[in-house]
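Notes to accompany the following structure.
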């Protein structure tokens, strides 16, 4: 096991380095800090092993422990245990902030009680607290790496794309009821718009935080909707003015699950939530996505899968990540629970779960470096904005 004292000693001298893996596909670089690279070499994380060799080595290890923000991994766990008799997986479902705290506590204790981490990686916290500190490291089999879409392999492995976006109650409206985001500020929607608190939800934080980079878009859409020059309070930016104006109409929740339920039971006309909730429409939930909106309807988000530095079961972790990503041909059972409505595949050889591609949706990108740099300012603004709720 990777000892606590050794981790802290190396952690104090992290230097940027990279492990470059090449294949017949587009060249992508897996980036690892020095502390992470040393541990990876110690446990042979990137040594070439066949599936059979990994299975044999995993049988000598303990129960694989996964910290995750996605309940869907439970289905992958069940399929994995059926495919590899004798291997056991424990899934610990945590909210993103709690997951990060748990990984940090595990790392600092040196106990190695976490093997794999699955987390939304768009807000900047995951990168800032876990990746840049080498508390988690990327692992991807070479025969899968060459099948990944550009931009999904680097400091972390993005294995699934989603979006945080606006939905409407399809029982209340038979078609998309708005064309401009400023329409949500209309007083008739007071108490009828549900959104997770940006201080509780990573994906919501990424959306509202990244929206502050689009002040010109807020101005142009304001003028298009109201038919006059932008004339709101100059002490706040246009993006801040939008959120200050719309927030009195909002009900803030702890999670996207609560937003989804409010849309379904008629409490909400509109909801902002993660797109993966769209799979619940298959069992009768009454909401529809807004794909086109001036200036945008949401923010692209991704989910990362990483190995926890100091993991006690590195071979089982490698085998599980291979299984999760659908094996070399992308047809394995492990990826299927994630390829649902509201998700987009990270692989070039696996179709998106959603029928509308992301590039056809009015989405902005989450700028993690910006979100990290401006974290205090963004959080202070929202803490003040939420005081009246």
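Here, each number is a calculation from the coordinates, and none is a lab measurement. None of the values given here were measured: they were computed from a predicted structure. Methodologically, a virtual Cβ is constructed for each residue, glycine included, from the backbone with ideal geometry; neighbour enumeration extends over all protein chains shown.
Take the Cα radius of gyration of segment 157-284 and divide it by 2.2 N^0.38 Å, N being the number of residues; the result is 1.08. With only Cα atoms counted, the chain has Rg and Dmax values of 21.7, 70 Å. Overall size of segment 206-278 from C-alpha positions, given as principal axis extents largest first: 38, 23, 20 Å. Helix-only arithmetic for the chain: the sum of -39500 (n - 2.57) across DSSP H runs with n ≥ 4, divided by the residue total, places the mean residue ellipticity at 222 nm at -9000 deg cm²/dmol. For segment 66-152, what does the alpha-carbon gyration tensor say about shape, rounded, prolate or oblate, given a ≥ b ≥ c as the root eigenvalues, a/c under 1.5 as rounded, and a/b over b/c as prolate? It comes out oblate by the Cα gyration axes.
Put in order of Cβ neighbour count within 10 Å, fewest first, the listed residues 213, 319, 59 become 59, 213, 319.
May I ask for the angle, rounded to the nearest 10°, between helix 96-109 and the longest principal axis of the chain, with both axes built from Cα atoms and the value confined to 0 to 90°? Once rounded, the angle reads 30 degrees. Expressed to the nearest 5 percent, the antiparallel share of DSSP beta bridges inside the chain is 65 percent. Taking the centroid of alpha carbons for each part, segment 193-214 and segment 346-382 are 11 Å apart.
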